[in-house]
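The values are calculated or read from the model by the stated rules, or taken from the named source; none is laboratory data. Please read all numbers here as calculations on a predicted model, not as lab measurements. When we count neighbours, we look across all protein chains shown, and the Cβ atoms used for this are built from the backbone with ideal geometry, even at glycine. Ligands, DNA and RNA are excluded from the accessible area calculation, which covers all protein heavy atoms including side chains. Shrake-Rupley method; radii C 1.70, N 1.55, O 1.52, S 1.80 Å.
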Amino acid sequence: MPQAAPGESQESFPVLESGAADSGKMKRRSIVFAVVAATMLVYFLPFLLLGNNSYITIHDTLDGEFVNAYLLVATGKALTFNGGSTIDNVMNGLPRAALPSGLNVNVLLFYIFSPAWAYIVDFILVHIIAFCGMFLLLRKYICTEEGDYLLAGAISLCFFLVPYYTIYGLSVAGQPLLAYAFFNIRNGERKWTNYFIILALPLWSDLALITPFAVTVLALILATDWIRTHRFNTRFLVSIVLFAATYLALQYQLILSILGSNALPSHRTTWNRWTDLNLSSNLKHSIELLFLTQYHSGSYWTLPIIIATAGAFVLLIAKKRRLGLLGVMAMGILLICLEFGFYDWIVRGLGHLLPPLRTFNAGRFYFLLPMLWLVLFALSLKELKRPKWGKPIVWCLIVVQLFAILKFNTEYKNNVRLLAGKHVSEPSFSRFFATDLFGEIDKFIGKPKNSYRVVSFGMFPSVALYNGFYTLDGYFSSYPLAYKQEFRRIDSMELEKDANLKDYFDGWGNRCYVFSSEIEFYYLCDRKSHLAVHNLQLDTAQLRAMGGQYVISAVNIEDSAKVGLKLEKEFFSEDSFWDLYLYSVNSSVSDHVSVANSAQNGVAERQTPSDVATR
């Protein structure tokens with residue numbers, strides 16, 4: 001330590017040392033702030049520059065949840081609380097209660113912004129909140145030392161980059177902030193902000209994706225605390241009840257539509273999804289989830305985290321220290337992976353005692369994994385950086401994990417490619433919805449859209465629905481069973497040709513689509529593929545009976561006249577992803593169509609369907 005100069009007192013040096021410490025502290029925080037700000041800018045910039053021409057995830061977003069939120073706003077039914085209200089644009093009057101609550105931030109953004117920008121703003125806000133929530137959680141409960149500041153920032157940045165399905169709002173990205181609030185209350189804090197977070201998160205997340213699983217984990221923590229301390233934390237219990245009750249209040253329409261005394265039977269009552277009782281297959285699914293998180297929750301490789309955890313275990317055991325929270329977290333993740341892989345056995349064993357297991361996917365504890373893995377990462381890296389040789393290893397693992405997350409960030413990678421003028425296999429937002437092309441179709445038909453119904457073929461019905469057409473087909477998590485049975489008659493011959501298609505529709509059926517055994521599950525039949533079907537068999541008499549007057553197809557239907565369809569016109573544009581064929585359903589469709597279809601079916605049944613995985 002330096003000696004004091006003549007005339008100076010020794011007491012001044014602690015002040016100088018304190019100043020130097022404060023300077024180092026500020027430097028670390030400035031580095032974190034600069035890196036985070038720069039990363040966020042680089043991450044959001046492609047979206048901001050491309051706007052309507054951005055690539056947005058299609059699967060379970062543009063083909064479903066996105067359009068459902070937009071539909072609530074476009075029809076003015078977002079804040080309709082009348083139990084008998086219907087959305088006339090789809091399925092000849094889909095019960096309003098089948099769609100989520102309009103009291104949701106996602107829906108609010110559709111009121112404020114155009115559809116593409118509503119998604120982009122939601123995307124930005126969700127990712128920022130993800131970083132802030134993780135950083136608050138780590139700094140207060142895990143990375144609490146000043147030397148851990150950079151570590152907390154780096155792991156929070158990893159969580160920020162996880163490719164969430166942001167159409168589900170904060171269902172995954174908000175979990176660290178939610179955990180922060182709950183742990184504060186558990187520890188006796190009485191700040192109003194904690195309760196605000198707990199009550200606000202249900203306004204920006206999905207009931208089915210977080211509530212049952214978060215409440216289960218919180219209840220286990222409550223019970224464990226009670227057993228360990230012999231004290232019951234009433235305030236913590238109240239906060240859990242408030243959290244669950246807020247969801248139930250917001251989604252009461254959806255709940256009553258399924259469980260209410262006057263509820264129409266949902267198509268979910270015929271689900272037959274839990275049929276995989278092959279032990280090797282079950283174990284394979286568990287191992288896959290262990291190394292790669294599920295895509296709806298945000299996919300990324302977990303191998304760097306597993307390596308870090310194994311290293312931390314070795315250090316703790318070598319020093320004869322307890323595994324503690326590190327061991328609990330690792331065990332919890334392992335149990336979630338096993339529950340996912342062997343869930344079909346759980347339904348088979350308990351489904352008769354708990355019927356909701358057959359109609360609700362209770363195997364979604366994996367939605368907790370993106371947060372749990374990175375919290376485990378933080379705990380492991382804290383142990384690894386204790387030895388002198390540990391810091392380089394820690395930062396190498398963080399860098400590798402960042403790349404393991406970015407590898408699966410399709411939205412970001414596709415938007416960077418679009419910005420660079422490179423080809424992307426899937427369409428951008430504007431090319432997917434092709435509003436100009438559908439405007440031409442509307443003009444050609446020349447009738448009010450509510451005076452006829454359409455179905456889509458070779459493409460997602462959400463495209464027509466977004467463009468204001470009234471569709472008989474759609475993608476919904478719950479709709480009347482009677483409608484599913486009625487719609488099935490249109491496509492029954494195609495379903496009978498292909499066991500995979502039949503199981504997919506009959507055993508699940510959320511996608512109420514017109515299928516073909518020739519193209520199976522292919523809904524992105526773009527203009528360059530020049531696809532055609534040669535033996536389509538539809539009951540067009542049933543289609544006409546349900547009000548269907550047109551088929552909008554991305555595929556050329558050869559011999560369309562044999563099934564009672566007439567090609568009206570082909571529509572194409574260089575700016576569209578699709579070449580579209582507009583077929584009208586003959587008004588004089590008679591029984592000979594069904595007879596002809598049946599005759600063809602004898603030949604078609606001898607065709608071998610493709611092996612398409614539907615899990």
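Annotations
- Being within 20 Å of the chain's Cα centre (by Cα), at pLDDT 95 or above, crowded, with 16+ Cβ neighbours inside 10 Å and outside any helix (DSSP H, G or I) is a property that holds for ALA173.
- Residues that are open to solvent by less than 60 Å² (accessible area, probe 1.4 Å) number at least 3 in the following helices (runs of 4 or more DSSP H) confined to region 342-439: 343-350, 369-384, 390-406, 410-419, 429-433.
- Members of region 558-569 that are modelled with pLDDT of 95 or more and either under 35 Å from the mean Cα position of the chain (by Cα) or acidic (Asp, Glu) (or both): GLU568
- Each residue in region 462-482 was checked for being out of contact with any Gly (no Cβ under 9 Å at 6 or more places or on another chain), small (Gly, Ala, Ser) and open to solvent by 20 Å² or more (accessible area, probe 1.4 Å), and 2 pass.
Residues are listed down the side, and each one gets a yes or a no for (1) touching a residue at least 40 places away in the same chain (Cβ under 8 Å); (2) over 22 Å from LEU325 (Cβ atoms); (3) open to solvent by less than 10 Å² (accessible area, probe 1.4 Å):
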{"residue": "PHE113", "(1), (2), (3)": "no, yes, no"}
{"residue": "VAL121", "(1), (2), (3)": "no, yes, no"}
{"residue": "VAL126", "(1), (2), (3)": "yes, yes, yes"}
{"residue": "CYS143", "(1), (2), (3)": "yes, no, yes"}
{"residue": "ALA152", "(1), (2), (3)": "yes, no, yes"}
{"residue": "ILE155", "(1), (2), (3)": "yes, no, yes"}
{"residue": "PHE160", "(1), (2), (3)": "yes, yes, yes"}
{"residue": "TYR165", "(1), (2), (3)": "yes, yes, no"}
{"residue": "GLY169", "(1), (2), (3)": "yes, yes, yes"}
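- Any helices (runs of 4 or more DSSP H) falling wholly within region 227-324 and containing at least 1 residues that are closer than 28 Å to ASP506 by Cβ and within 29 Å of the chain's Cα centre (by Cα): 252-259, 279-291
- Among the residues making up region 85-111, those that are in a strand (DSSP E or B) and touching a residue at least 60 places away in the same chain (Cβ under 8 Å) are VAL90, LEU94, PRO95.
- Residue pairs whose Cβ atoms lie under 6 Å apart, sitting 6 or more positions apart in sequence or on different chains, and linking a residue in region 64-76 that is over 11 Å from ASN106 (Cα atoms) to a partner that is part of a helix (DSSP H, G or I) and open to solvent by 20 Å² or more (accessible area, probe 1.4 Å), are VAL67/TYR466.
- Being part of a helix (DSSP H, G or I) and open to solvent by 10 Å² or more (accessible area, probe 1.4 Å) holds for only one residue in GLN485, GLN549, and it is GLN485.
- Each residue in region 552-567 was checked for being in a loop (DSSP other than H, G, I, E, B) and surrounded by fewer than 22 Cβ atoms within 10 Å (Cβ to Cβ), and 2 of them qualify.
- Among the criteria (1) more than 20 Å from LEU150 (Cα to Cα); (2) open to solvent by 30 Å² or more (accessible area, probe 1.4 Å); (3) modelled with pLDDT of 95 or more, the one VAL67 does not fulfil is (2).
- Within region 34-58, the set of residues being among the small types (Gly, Ala, Ser), part of a helix (DSSP H, G or I) and open to solvent by less than 20 Å² (accessible area, probe 1.4 Å) comprises just one member, GLY51.
- Restricting region 178-196 to residues that are open to solvent by less than 30 Å² (accessible area, probe 1.4 Å) and more than 14 Å from VAL238 (Cα to Cα) leaves a set whose member that is nearest to the chain's Cα centre (by Cα) is LEU178.
- Hits in region 86-106 (condition: farther than 13 Å from GLN253 by Cα and open to solvent by 40 Å² or more (accessible area, probe 1.4 Å)): ASP88, ASN92
- Subset tally (residues that are surrounded by fewer than 13 Cβ atoms within 10 Å (Cβ to Cβ) and not basic (Lys, Arg)) for region 440-456: 5
- Failed criterion for ALA532 (all others in (1) within 19 Å of PRO461 (Cα to Cα); (2) surrounded by 18 or more Cβ atoms within 10 Å (Cβ to Cβ); (3) modelled with pLDDT under 95 hold): (2)
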